[in-house]
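The values are calculated or read from the model by the stated rules, or taken from the named source; none is laboratory data. Here the structure is a predicted model, which means the values were calculated and not measured. Methodologically, a virtual Cβ is constructed for each residue, glycine included, from the backbone with ideal geometry; neighbour enumeration extends over all protein chains shown. In case anyone asks, the SASA skips ligands and DNA or RNA and just uses the protein heavy atoms, side chains included. Shrake-Rupley method; radii C 1.70, N 1.55, O 1.52, S 1.80 Å.
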Amino acid sequence: MLNMFRMDLRRFLRTKSLYISTIVLMAVVIIASIAINAVCKYGSVWDIQDVLSSFSSNTDMKTEMYDYSPSVADATMLEAMKVKLRSFMTLEVLASAPFMSRLSYMLIALVCVLFVSKDYITAYLKNLLLLPQAKIKWLISKILILPVIIIFMYLGITLAALIGQLILGNPFPSDFMPLISYMAKTLVSSISFGLFSIFIVVLLQKRTGAIIICLLMSFNFQRLLYTLIDITKALPFKLSDYGLMTLTSRIGIDTPLPDTLLPVAGAIAGLSLVLSFVLIRRRDLKM
Amino acid sequence: MANLIETTSLSKRYGKKFAIKDVCMHVEKGNIYGLIGRNGAGKTTIMKCINRQIIPTGGDIMLGGVKLNRQKNIKVGALVESPSLYEDTSAMQNLLYKCTALGIKDKKMHANNLLELLELSKVKDKKVKQFSLGMKQRLGLAMAMVGYPEVLMLDEPINGMDPQGIAAIREMLVHINRKLGTTIVISSHILDELAKFASVYGIIKEGRLISEFTRETLESESFSSITIVSPHIDDVITALTEKMPVNKDMLIKPNTLLIKNGAQASKDISRFLFDRGIYLEEFRVDHLSLEEYFMRLTGGDEIA
């Protein structure tokens with residue numbers, strides 16, 4: 001078991017898609033920081049409000065900024081807004097922007113599927129079947145690698161947010177706890193979603209199909225289906241209230257973990273695990 | 001000798017169609033077992049079952065006297081269908097990954113030994129996607145041999161190889177079979193090649209194992225014909241009439257007699273003619289090739 005994990009760890013360190021995805025995430029944060037810096041230097045009130053709408057769910061800050069009407073904002077007020085915006089763009093705000101959260105889920109799904117499905121498309125898994133309980137060990141190893149992939153990508157985002165904060169001219173952060181706390185909250189969803197991705201690969205044993213399904217899920221496509229089910233009123237509760245990605249989108253720096261997120265993420269993770277183990281034990285390998 | 005691999009009524013069904021049915025295969029330890037059958041006969045399915053790639057619908061597979069699923073001591077290395085390799089990494093890296101998964105201690109030395117054995121040392125750092133088909137096959141063989149498993153399952157391992165490569169693989173397989181005692185189950189379409197080194201053969205037709213025989217059986221049963229060339233061919237015919245039904249219709253040339261299906265008695269015939277003092281220019285016994293023998297067993301119209 002440990003040997004299989006060692007093999008995966010070696011492979012993980014040589015996985016191009018992991019580095020490319022992390023670089024993409026980092027590049028987005030850094031480019032966004034450069035853009036904010038430009039807005040802080042040359043932007044209008046409209047630009048500032050645009051930036052805020054894309055970066056934060058902090059309603060107090062938004063209300064305060066939206067109170068400034070472009071028609072009434074004079075030069076002094078504009079300067080004050082820019083200073084406020086600059087100081088607002090801290091490490092955790094940059095790392096937790098809603099678009100970053102979506103992008104990171106999409107890329108986590110992509111990396112997971114590419115990493116796990118590689119043993120199917122190259123049929124390398126066949127080489128390992130001489131080990132006793134090889135398929136189970138292979139699956140456990142992939143499950144153990146999952147948090148490593150996620151944490152690696154989170155570290156990339158944190159580093160990029162740190163660089164972004166320095167680009168904006170803000171001091172080096174003294175307290176990383178708000179960011180760690182935010183990432184710990186999203187880790188719950190990420191692991192659950194990653195396990196779901198592994199299950200899809202084991203189910204389909206195909207890369208393309210698994211990528212399409214996982215990308216659609218990362219964009220919360222399932223919400224449309226949940227809404228359709230809710231319209232029929234077939235269930236005594238609103239299914240869309242229990243969508244993993246919907247609940248995940250409610251996670252913020254200052255907001256507490258949604259009550260239903262842990263049970264929903266746990267149920268999806270548990271079900272994905274059980275089904276993955278059953279499928280890998282009982283089905284033929286199509287390779 | 002005890003069977004290292006034994007299948008009992010092994011069956012695999014896809015939908016309503018059986019890919020293999022009631023296959024009872026016996027592979028003794030140390031054998032080189034040649035599995036022969038035409039495309040779609042079920043050779044690969046049997047190998048996949050033994051390699052745990054697919055789950056049989058029925059029957060049992062015993063490996064070293066223990067059910068396959070419970071067998072932890074005997075390892076089966078396999079090259080089934082195409083080699084399974086990470087194309088974007090080097091040959092060395094592919095081997096090292098498997099060595100790591102198997103917990104082999106001196107990974108680099110082990111991988112280097114295998115690369116040397118398969119004559120891939122010079123290209124060990126080259127990415128697999130740059131390999132030719134033959135090189136990939138050889139690397140696939142090296143992968144199958146990681147950890148020197150007790151059993152090697154090789155499905156068409158010489159596909160795409162040049163004649164020198166085929167000869168090298170044959171020699172290598174015979175070498176590891178003799179030196180390490182590795183039991184080898186191999187299928188190939190090139191039956192003449194298989195005939196050169198397999199010690200036991202299994203013929204599979206439409207999912208059923210119709211015959212298992214040793215090389216000795218093949219040699220003893222595959223006599224085909226006797227060709228006798230003599231300037232006194234009439235004397236030959238007259239003399240042989242006493243022993244067997246011979247007539248002038250068997251003359252293929254004015255002085256050449258062809259006796260079909262009577263070749264088992266070749267020694268008796270030659271001694272008999274010698275005792276009679278009949279001068280012979282040529283006395284030749286022709287054997288059936290493995291391919292001809294296979295065709296005879298499978299009904300004649302089969303192509304392996």
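Computed from the C-alpha gyration tensor, the three semi-axes of the ellipsoid equivalent to the range B:88-146 are 17, 11, 10 Å, from longest to shortest.
Residue B:192 contributes an accessible area of around 90 Å² to the protein surface, as traced by a 1.4 Å probe with all chains present.
Of the accessible area of chain A, computed with a 1.4 Å probe over protein heavy atoms only, carbon and sulfur atoms account for 69 percent.
Cα gyration tensor of the range B:223-287, axes a ≥ b ≥ c as square roots of the eigenvalues: rounded (a/c below 1.5), prolate (a/b > b/c) or oblate? Because its axes are fairly even, with a/c under 1.5, the range B:223-287 counts as rounded.
Viscosity 0.890 mPa s, temperature 25 °C: what is the translational diffusion coefficient of the range A:1-45 from Stokes-Einstein with a Kirkwood Rh over Cα pairs, rounded to a whole number of µm²/s? Could the numbers behind the result be given before it?
Details: Rh = 13.2 Å.
The estimated diffusion coefficient comes to 186 µm²/s.
Counting Lys and Arg as +1 and Asp and Glu as -1 over every other residue whose Cβ lies under 9 Å from the Cβ of residue A:129, the net charge comes to +3. The mean number of Cβ atoms from other chains found within 10 Å of a Cβ in peptide B:50-57 is 4, as a whole number.
Expressed in Å, the radius of gyration and Dmax of the Cα atoms of chain B are 24.0, 75. Is the range A:177-287 best put as rounded, prolate or oblate by its Cα gyration tensor, with a ≥ b ≥ c the root eigenvalues, rounded for a/c under 1.5, and otherwise prolate when a/b is larger than b/c, oblate when not? Note, shape of the range A:177-287 comes out oblate. The mean number of partner chain beta-carbon atoms within 10 angstrom of a residue's beta-carbon across peptide A:115-126 is 4. Specify whether the C-alpha gyration tensor of the range B:59-194 places it in the rounded, prolate or oblate class, a ≥ b ≥ c being the square roots of the eigenvalues: rounded for a/c under 1.5, otherwise prolate if a/b is larger than b/c and oblate if not. Oblate shape, in that a/c is at least 1.5 and b/c is the bigger or equal ratio. The mean number of Cβ atoms from other chains found within 10 Å of a Cβ in peptide B:43-49 is 1, as a whole number. Pairs from the list A:41/A:185; A:16/B:108; A:126/B:43; A:118/B:75; A:142/B:129 with a Cα-Cα gap above 28 Å: A:41/A:185.
Taking packing as the residue-averaged number of other Cβ atoms within 10 angstrom, the listed peptides B:244-255, A:148-159 run from highest to lowest as A:148-159, B:244-255.
The accessible surface of chain B, taken with every protein chain in place and a 1.4 Å probe, is 49 percent carbon and sulfur. Dividing the alpha-carbon radius of gyration of the range B:1-63 by the rule-of-thumb value 2.2 N^0.38 Å gives 1.09. With a simple spin-label model that places each label point 7 Å from the Cα along the Cα-to-Cβ direction, the separation between residue A:281 and residue A:239 comes to 2.9 nm.
If you add up the charges near residue B:11, with Lys and Arg at +1 and Asp and Glu at -1, over every other residue whose beta carbon is less than 12 angstrom from its beta carbon, what do you get? Kindly include the intermediate steps, with their values, before the conclusion.
Values: positive: B:12, B:13, B:17, B:21, B:208; negative: B:22, B:60.
Once positives and negatives cancel, what remains is +3.
Taking trypsin sites (Lys or Arg not before Pro) as exposed when their DSSP state is a loop state and no more than 11 other Cβ atoms lie within 10 Å, the longest site-free interval of chain A runs over A:1-232.
I'd like the GluC sites (Glu not before Pro) in the range B:130-221 restricted to DSSP loop residues with at most 16 other Cβ atoms within 10 Å, sorted by number.
Sites meeting the loop and neighbour criteria: B:206.
Annotation: lysines with alpha-carbon distance below 26 angstrom to residue B:267 (same-chain offsets under eight excluded): B:196, B:243, B:248, B:253. Cα-based radius of gyration for the protein assembly as shown, normalised by 2.2 N^0.38 Å, reads 1.42.
Quote the Stokes-Einstein diffusion coefficient, in whole µm² s⁻¹, for the range A:102-185, based on the Kirkwood radius over alpha carbon pairs, a temperature of 4 °C and a viscosity of 1.567 mPa s. Please report the intermediate quantities before stating the final value.
On the way: Rh = 15.5 Å.
Stokes-Einstein gives a translational diffusion coefficient of 84 µm²/s.
Both radii are taken from the alpha-carbon atoms of the range A:2-282; with Rh as the Kirkwood radius, Rg/Rh is 1.04. Charge tally for residue A:278 (other residues, Cβ to Cβ under 15 Å; Lys, Arg +1; Asp, Glu -1): +3. Applying 1/(1 + (r/R0)^6) with R0 = 56 Å to the Cβ-Cβ distance of residue B:17 and residue B:251 gives a FRET efficiency near 0.65.
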